[in-house]
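Down below is the structure, laid out as structure tokens.
The values are calculated or read from the model by the stated rules, or taken from the named source; none is laboratory data. Values in this document were obtained by computation on a predicted structure and should not be read as measured data. We place every Cβ from the backbone using ideal geometry, glycine too, and count neighbours over all the protein chains shown. Please note that ligands, DNA and RNA were not included when accessible areas were found on the heavy atoms of the full protein model with its side chains. Shrake-Rupley method; radii C 1.70, N 1.55, O 1.52, S 1.80 Å.
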Amino acid sequence: MTEPEVAAILGAEGPFAREVPGFAPREAQQRMAEAVAEAIAERDILIAEAGTGTGKTFAYLVPALMSGRKVIVSTGTKALQDQLFFRDLPRVHAVLGSRARTSLLKGRANYLCLYRLDQSVREGNPDRQLASQLSAIRAWSARTRRGDRMEMVDIPEDSPVWPRVTSTPENCLGAECAFFDDCHVVKARRDAMEADIVVVNHHLLMADLALKQEGFGEILPGADAFILDEAHQIPELAGQFFSQSVSARQMTDLAHDALAEAQGVTGATSQLLEPVEVVQDLVRRLRLAMDSLPPKGPFGALDRDSTVHDLLTELRDVMAALSDLLGSLGERSRGLANAFERAQMLSLRLDRIAEEHSASDVRWYETFPRGFALHATPLDLASPLRAMRMATDAAWIHTSATLSIAGDFGHFARQLGIEDPQTLHVESPFDYKRQALAYLPKDLPDPSARDFTDKVIAAIRPVLDASDGRAFLLFTSHRALRRAAELLEGRVPWPLFVQGSAPRHRLLEEFRASGRGVLLGAASFWEGVDVAGEALSVVVIDKLPFAMPDDPVLQARLEALEEAGINPFMGWQVPTAVIALKQGAGRLIRDVNDRGVLVLCDPRLSTKGYGRLFLASLPPMPRTRELSDVTAFFAQGELAG
Ligand code: SF4
């Protein structure tokens, strides 16, 4: 099938127009489908930016299904992965009458591990809540087909029961496992091997291709094409996956599992008990000692604190000793041999991070309420990403609504090590001139001013009056978010939904249902939130979303750019913030019938030269500095309504 034929499927005379209720043929969607079909056929690298509402999912699923090739489609989150697999893919599949086999593959931590469930049930659990969750999982295990923990919505994602009943590459017994034939991980993997279209998420894709960590190594590289949706997330994720990391959790889990495995082996428990307890104690004391440090920082800060340094040295010694001991016990059971491999790997990584294995790595730490992690992150991500693509000999299609900076794809391509890519930009079908208005309030102080948030709230209050709520207020820091909440709570007539006061999905549901709510969000609300219709008619952005300068990896990256003669601000910080702003602004208009006002409160948009780059990267909506235009915009909407 030729590329124009693929595009015609989405055209006015095609099956989608005939069979899908409400389907509107769009030239932009057809152009993208054509470009994707060509990239798959030629095994090209394509970077395709598709404005909101283009229908990019159909634009890549149609050529993928029609290609007759093996295609891996990767999405940003597991929720999007499910949406693609259970909603979009079956629809396209049915309309095309396709015979292609499809499968959904997640990382192993998403699947119930029958062996570990069995072990946990035997061990029992003194904690009442955990015991009841465990028995619910046990009952579910008898009826689930996929073993995907997403099916168990009642058990919170962060429940400590999950690590007890799911596997990691280190603790999986593989072919020697007694449950191997019924194993959900093995079944999902086998399905993926046989399927033509495999839906994965970026985490799994990266883990698999970057580290072969998930043990799916042979499935994904066999593909003819990779389609990465929400591809703007790739650079950040690559940083995580090419890093070497060790966490407190990994060490305490290992300690726990080693003792559990020792139970059936004569004499093993008595030998392991002491070193295991010492590891657990040291991890706990180290975490406590790190309380005096900022939550994130360069590794050097750990070395400079003598207590932390000494505890870390002790921990390295004990981990090495535990690893040796497990090595000597490993022959006595498969489970202990496995614990030995994990201990060896963790001990090696600890040493590598502590001793600066490579000068091009940034070594850093972070602490969590009950744990910590140590990392060595490579500064150059372009080379490993390039190597990863080269190893596949496949087409690579990167798509998202936010890849270019004022139409230029250079920043994205450089980060991924892509030279001379095919690029495509297709405009959103929305009529931004009519549907939207950007309002830049006058007289706001510099964003570093102490009372900046107070001034922002004062400036947007009349906008909220004009829109009768129906707004997202997006903040670049949690501090600003809290201050704004303080200023609004009890003083406005609209229901407030504040990030952190309830789980994200609940806040969104309630916001949608309220119809006139005001939602205050930071980081996670800038992306992937879809509220079409009148419930969302204003998006306020307090400041330009520059990355936090206290991030040790960012700091090192900026220094490296400077040394290479590149202005780090214009070469990195501005483009990255442009992408983030485009994401935030993209929440406003989600449908051809939406109307709304984007309020940009950062005065640097008009006072600094780089402000133009931000504005030029936004959808083409009229701009104003006059509040009266905003009130007129909403009054006009009422007349039209
Ligand atoms: S093969 Fe691995 S994941 Fe599967 S049941 Fe056994 S231990 Fe668990």
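Any idea what the dipole of segment 299-424 comes to, in debye rounded to 20, about its Cα centre with Lys/Arg Cβ at +1 and Asp/Glu Cβ at -1?
Using Cβ point charges on Lys, Arg, Asp and Glu, segment 299-424 gives about 420 debye.
Considering only the other residues whose Cβ falls under 12 Å of the Cβ of Gln250, what net charge follows from Lys and Arg at +1 and Asp and Glu at -1?
Within the 12 Å Cβ shell, the charges total 0.
Ordered by packing density, taken as the mean number of other Cβ atoms within 10 Å over each peptide's residues, highest first, how do 476-487, 592-603 rank?
Put in order of decreasing packing, that is 592-603, 476-487.
Out of the DSSP beta bridges found with both residues in the chain, what percent are antiparallel (nearest 5)?
If I count the DSSP bridges inside the chain, around 30 percent turn out antiparallel.
Give the separation of the Cα centroids, segment 543-570 to segment 389-407, in Å.
23
Provide the net charge surrounding Ala339, with neighbours chosen by a C-beta distance below 9 Å and charges set as Lys +1, Arg +1, Asp -1, Glu -1.
Residues close to Ala339 contribute a combined charge of -3.
If you count only protein heavy atoms and use a 1.4 Å probe, how large is the accessible surface of His203, to the nearest 10 Å²?
Accessible area, nearest 10 Å²: 80 Å².
Gain in length, Ser360 to Glu42, computed as 0.36 nm per residue apart minus the alpha-carbon separation, to one decimal in nm?
Here the answer is 111.0 nm.
So who's got an amide H within less than 5 Å of the one on Leu228, skipping anything under 5 residues away but keeping other chains? H placed 1.01 Å off N, in plane.
Ser74, Ile397, His398, Thr399
Only helices at least 27 Å long along their axis, Cα-based, and averaging -0.5 or more on Kyte-Doolittle count here, so list those DSSP H runs from the chain.
Membrane-span-like by this criterion, though nothing is claimed about a membrane: 268-289, 306-329, 334-354.
Put +1 on the Cβ of each Lys and Arg and -1 on the Cβ of each Asp and Glu in segment 76-199; which of Ala175, Ser132, Pro90 then has its Cα farthest toward the positive end of the dipole?
Ranked along the dipole, the leading option is Pro90.
Each label point is 7 Å from the Cα along the Cα-to-Cβ direction; what then is the distance between the points at His256 and Ala406, in nm?
With each label placed 7 Å out from Cα toward Cβ, I get 5.3 nm.
Quick one: compute the contact order of the chain, relative version, from alpha carbon pairs under 8 angstrom and 6+ residues apart, as a percent.
Once normalised by length, the contact order is 17 percent.
Alpha carbon centre of segment 252-288 versus segment 423-439: separation in Å?
58
By the scheme Lys and Arg +1, Asp and Glu -1, what is the net charge of all other residues having a beta-carbon under 12 Å from that of Ala175?
-1
Any idea how far the Cα center of segment 581-598 sits from the one of segment 311-375, in Å?
Here the answer is 47 Å between Cα centres.
Counting only protein heavy atoms and using a 1.4 Å probe, what share of the accessible area of the chain belongs to carbon plus sulfur, as a whole percent?
In the chain, the share of accessible area belonging to carbon and sulfur is 50 percent.
Which of Ala41, Met251, Ala523 sits closest to the plus end of the dipole of the chain, meaning its Cα is farthest towards the positive end, when Lys and Arg get +1 and Asp and Glu get -1 on the C-beta?
Ranked along the dipole, the leading option is Ala523.
Find which of Ile579, Phe58, Leu114 sits farthest along the positive direction of the dipole of the chain, computed with +1 on the beta-carbon of Lys and Arg, -1 on that of Asp and Glu, about the Cα centre.
Phe58
If R₀ is 30 angstrom, what is the calculated FRET efficiency for the pair Asp420 and Arg623, using the beta carbon separation as r and rounding to 0.05?
0.30
Just need the relative contact order of segment 108-185 here, percent rounded to a whole number, with Cα pairs under 8 Å and 6+ apart.
Relative contact order here is 60 percent.
Which of the aspartates and glutamates could a cross-linker bridge to Lys442, judged by Cα under 19 Å and excluding same-chain residues fewer than eight apart?
Asp451, Asp454, Asp465, Asp542, Asp602, Glu626, Asp629
Going by average Cβ neighbours within 10 Å, how do the peptides 312-318, 105-111, 118-124 rank, with the highest at the top?
105-111, 312-318, 118-124
Could you work out [θ]222 nm for the chain from helices alone, using -39500 (n - 2.57) per DSSP H run of at least four and dividing by all its residues? Round to the nearest 500 deg cm²/dmol.
Only helices count here, giving -14000 deg cm²/dmol.
Give the lysines whose C-alpha is closer than 26 Å to that of Lys70, dropping any in the same chain fewer than 8 places away, or say none.
Lys56, Lys78, Lys106, Lys187, Lys212
Can you give me the accessible area per residue for the chain, using a 1.4 Å probe, in Å²?
For the chain, the per-residue accessible area is 45 Å².
So how do 9-17, 225-233, 607-615, 73-81 stack up, highest first, on mean other-Cβ count within 10 Å?
Listed from highest to lowest mean packing, they are 225-233, 73-81, 9-17, 607-615.
At 25 °C and a viscosity of 0.890 mPa s, what translational diffusion coefficient does Stokes-Einstein give for the chain, taking Rh as the Kirkwood radius over Cα pairs? Give it in µm²/s as a whole number.
91
Let me know the charge dipole size of the chain about its Cα centre in debye, to the nearest 20, where only the beta-carbon of Lys, Arg (+1) and Asp, Glu (-1) is charged.
1320
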